[in-house]
1. Can you pull out every residue in region 83-97 that is among the hydrophobic types (A, V, I, L, M, F, W, C) and more than 11 Å from the chain's Cα centre (by Cα)?
2. Checking Y168 against (1) closer than 30 Å to D235 by Cα; (2) hydroxyl-bearing (S, T, Y); (3) surrounded by fewer than 14 Cβ atoms within 10 Å (Cβ to Cβ), only one condition comes out false. Which one?
3. What are the pairs with Cβ atoms under 8 angstrom where one residue, in region 220-231, is closer than 10 Å to A208 by Cα and in the same structural domain as N163 (by TED's automatic domain parsing) and the other, located anywhere, is among the aromatic types (F, W, Y) and not in a loop (DSSP other than H, G, I, E, B)? Sequence gap at least six, or different chains.
4. For region 109-158, enumerate the residues that are modelled with pLDDT under 90, closer than 30 Å to S182 by Cβ and acidic (D, E).
5. Which residues, taken from region 151-163, are over 18 Å from I219 (Cβ atoms) and either free of Cβ contacts under 8 Å to residues at least 24 places away in the same chain or assigned to a strand (DSSP E or B) (or both)?
6. For region 203-245, which positions are outside any strand (DSSP E or B) and on the phi < 0 side of the Ramachandran plot?
7. Can you name the condition, by its number, that I181 falls short on among (1) without any contact (Cβ under 8 Å) to a residue 40 or more places away in the chain; (2) under 22 Å from F242 (Cα atoms)?
Amino acid sequence: MKSIMLFALFVTLGLILAAGCVATKNKYPASTTTEVNFTPFSSIPDPGLNKTINATANNTSEQKGSLRVSISGISYPANLVVILDNETVGTVKPTKPLYLMVPEGNHSIMVCMDLVCEQENVTTRFGRYVTVDFSERLQKDVKFPNPTAQSSVQILDFYKNGNVVSVYVEFINPESVDHMISVDLSIGYTYIDGRSYIKLGDSTQARATQFVKAGQTEIKRVDMYLASDSVISFDNPEIQDFKVK
């Protein structure tokens, strides 16, 4: 009898221990590893994203500043070529300035009339408005703006010293070839005759010749001698004739 009770006790303990092991296994399951394949973000094709990037790149341009070129102050008709950094960028007229958008930085702007060119260095900045006017320099440096003008002469000034009248003559060659220019001058005057003390009239002439290069002018002094020291009055010097060779 005692043996049977011990056997029953051992069986009961075995069942209790078995139940405890099952409960522990369910409460703390063993950890597992799951393999997941990820593709890096940078390699995922996204048409929408690429389109945005390209649009941004296309819209990014070099910043530019405004430049206005004018010759509004000159008094003669002209249609002059404008040269920016050795490249022709348009034309300018007295009645119509030229407006440009120029990349930021230092630039050389130039206009030319015949063989005379006027140049200005400018600095452009984004949001800044720069104006260059060549009127005053063109008026000063280009006295004969007509491209078809022929060579000529003109009297600039004269003065009398004793019986000599010094005449300053300007020889002008606006053409594209060199010329030899000659001019004949004349002065009329009145004087008192030293013997009869009678008022008399006379004139004196002189010729001057000057070599003038293409597009240039030359100034020469011409001395004209009067026949008497007792000159009462004399006329302004006059150009009688000139020749171009």
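The values are calculated or read from the model by the stated rules, or taken from the named source; none is laboratory data. Quick caveat: nothing in here was measured; it's all calculated off a predicted structure. Ideal geometry is used to build each Cβ from the backbone, glycine not excepted, and the neighbour counts take in all protein chains shown.
1. V92
2. For Y168, the failing item is (3).
3. K220/Y168; K220/F171; R221/Y168; V222/Y168
4. D114, D141
5. Listed by number, the residues that qualify are K160, N161.
6. Listed by number, the residues that qualify are K213, A214, L226, A227, S228, D229, S230, D235, N236, P237, K245.
7. With respect to (1) without any contact (Cβ under 8 Å) to a residue 40 or more places away in the chain; (2) under 22 Å from F242 (Cα atoms), I181 is out only on (1).
Here is a yes/no grid of residues against (1) in contact with a strand residue (DSSP E or B) (Cβ under 7 Å, 6 or more places away or on another chain); (2) among the basic types (K, R); (3) exposed (fewer than 10 other Cβ atoms within 10 Å of the Cβ); (4) at pLDDT 55 or above:
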position: K25; (1), (2), (3), (4): no, yes, no, no
position: F38; (1), (2), (3), (4): no, no, yes, no
position: T60; (1), (2), (3), (4): no, no, yes, no
position: S70; (1), (2), (3), (4): yes, no, no, yes
position: K93; (1), (2), (3), (4): no, yes, no, yes
position: K96; (1), (2), (3), (4): no, yes, no, yes
position: E104; (1), (2), (3), (4): yes, no, no, yes
